[in-house]
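The values are calculated or read from the model by the stated rules, or taken from the named source; none is laboratory data. In this text, all values refer to a predicted model and were calculated from it rather than measured experimentally. No Cβ is skipped: glycine too gets one built from the backbone with ideal geometry, and neighbour counts run over all protein chains shown.
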Amino acid sequence: MSKVVLFGNKSEACTAYHDLKHFSDHEIAGFTVDREYIDQDTLFDLPVVPFDDVVSVFPCDEHTMLIAVGYVRGNTLRAQRYSQAKDWGYELINFISPKAIIYPGLEIGSNCRISHNSVIFQDVRIGDDVSIGAGCLIGHDVVIGNHCFLGSGVGVSGGVTVGSYSFFGTNATIRNRIAIGSRCVVGAGALVLEDLEDETVCLGRAADILPISSSELSLP
C-alpha cells in the first residue's frame, strides 16, 4: 500500500480515484495538475495542487504517483508528465483491476492501468504508461508499446505488435499477427485487417440512419 497522488482532475482522474479507492489498498493523498488547469482547490475533498509544487506538498519519498490522463495531445501530455514525475523521483504505480483476468507471462511497465473485465492472455508484453479500458481482450503474445491508450471493449488478437503512442477507440478490433505502427489512431468500431504504417488514421464505419421513424418499423 502507498499514498498516491493522482495527476489529473477530469474524467480519467476521477475514474482512477474510484478504481484505487474501491479496488486497491492504496491511499489517495490528493491530486495534481498543471497550474493553469486548476479550476477548484479540492476534488473528492482532497487537495488539488499545481504540478510545479507537487514535490514540496507531496514529497516523493513519502508518495507514489499515477498519471491519469486520457488521449490528450496524442498521448504526449501523459508521456511528458510521466517522465517528469520519474525524474523528480516518484515511483509510478500500476492499477490492475481485481476483476481483470490475467494469464501467466505478463510483462508490464509502470503507470499502467488495466480496467475491469479485461482479459489479458498469456505472454503479453505491455510497455510504460499504457491505459487499457474496461472489457478489452488482449490476445496471446501481443506486444504494446509505451504511452498507448485503448478504450473500452478493444479486441487485439494474438501476435499483434502495437507501436508507441497509438490510440484505439471503443470496440476497435485488430486481427491476429499484424503490426500497428507508432502514433496510429484507430477509431471506435474500426476493424483492422492489415499492417498499419506509423501515424495511420483509421475510422470505423458509422451506422446507417434510415429515413424512417421507429414507429414505422414492422416489429414482431
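With the structure loaded, tell me whether Gly74 is assigned by TED's automatic domain parsing to the domain that holds Gly155 and either at pLDDT 95 or above or closer than 18 Å to Ser131 by Cα (or both) or whether it fails that test.
no
Condition test on Ala13, is it within 30 Å of His140 (Cα to Cα), without any contact (Cβ under 8 Å) to a residue 60 or more places away in the chain and crowded, with 21+ Cβ neighbours inside 10 Å?
Spelling it out, Ala13 is indeed within 30 Å of His140 (Cα to Cα), without any contact (Cβ under 8 Å) to a residue 60 or more places away in the chain and crowded, with 21+ Cβ neighbours inside 10 Å.
Checking the condition at pLDDT 95 or above, buried (at least 23 other Cβ atoms within 10 Å of the Cβ) and acidic (Asp, Glu), which residue from Asp129, Asp87 passes?
Of the residues listed, the single one that is at pLDDT 95 or above, buried (at least 23 other Cβ atoms within 10 Å of the Cβ) and acidic (Asp, Glu) is Asp129.
Within the range 39-48, is even one residue at pLDDT 95 or above, charged (D, E, K, R) and either under 22 Å from Tyr165 (Cβ atoms) or not assigned by TED's automatic domain parsing to the domain that holds Asp129 (or both)?
Yes.
Working carefully through the options Gly169, Gly105, Gly127, find the one that is on the phi > 0 side of the Ramachandran plot, out of contact with any Leu (no Cβ under 8 Å at 6 or more places or on another chain) and not basic (Lys, Arg).
Sole residue among the options that is on the phi > 0 side of the Ramachandran plot, out of contact with any Leu (no Cβ under 8 Å at 6 or more places or on another chain) and not basic (Lys, Arg): Gly105.
Does any residue of the range 103-126 turn out to be of a type outside the set (A, V, I, L, M, F, W, C), under 18 Å from Gly153 (Cβ atoms) and part of a strand (DSSP E or B)?
yes
Quick one: in the range 147-171, of everything that is assigned to a loop (DSSP other than H, G, I, E, B) and not small (Gly, Ala, Ser), which residue is nearest to Ser118 (Cα to Cα)?
So the residue we want is Val154.
Scan the range 55-75 and give yes if some residue there is assigned to a helix (DSSP H, G or I) and within 30 Å of Phe168 (Cβ to Cβ), otherwise no.
Within the range 55-75 (the criterion being assigned to a helix (DSSP H, G or I) and within 30 Å of Phe168 (Cβ to Cβ)), the answer is no, since none of the residues qualifies.
Which residues, counting only those in the range 10-29, are among the hydrophobic types (A, V, I, L, M, F, W, C) and either part of a loop (DSSP other than H, G, I, E, B) or out of contact with any strand residue (DSSP E or B) (no Cβ under 7 Å at 6 or more places or on another chain) (or both)?
Cys14, Phe23
Could you please let me know if Arg35 is basic (Lys, Arg), more than 19 Å from Ser131 (Cα to Cα) and out of contact with any His (no Cβ under 7 Å at 6 or more places or on another chain)?
yes
Just the residues that are of a type in the set (A, V, I, L, M) and over 15 Å from the mean Cα position of the chain (by Cα), please, taken from the range 157-187.
Result: Val160, Ile174, Ile178, Ala179, Ile180.
Taking Thr32 as meeting all but one of (1) assigned to a helix (DSSP H, G or I); (2) among the hydroxyl-bearing types (Ser, Thr, Tyr); (3) in contact (Cβ under 8 Å) with a residue 12 or more places away in the chain, write down the number of the exception.
The number of the failed condition is (1).
Would it be correct to say that Arg81 is in the same structural domain as Lys10 (by TED's automatic domain parsing) and either within 30 Å of Arg177 (Cα to Cα) or part of a strand (DSSP E or B) (or both)?
Answer is no for this residue.
Could you say which residue among Asp52, Asp39 is among the acidic types (Asp, Glu) and assigned to a loop (DSSP other than H, G, I, E, B)?
Asp39
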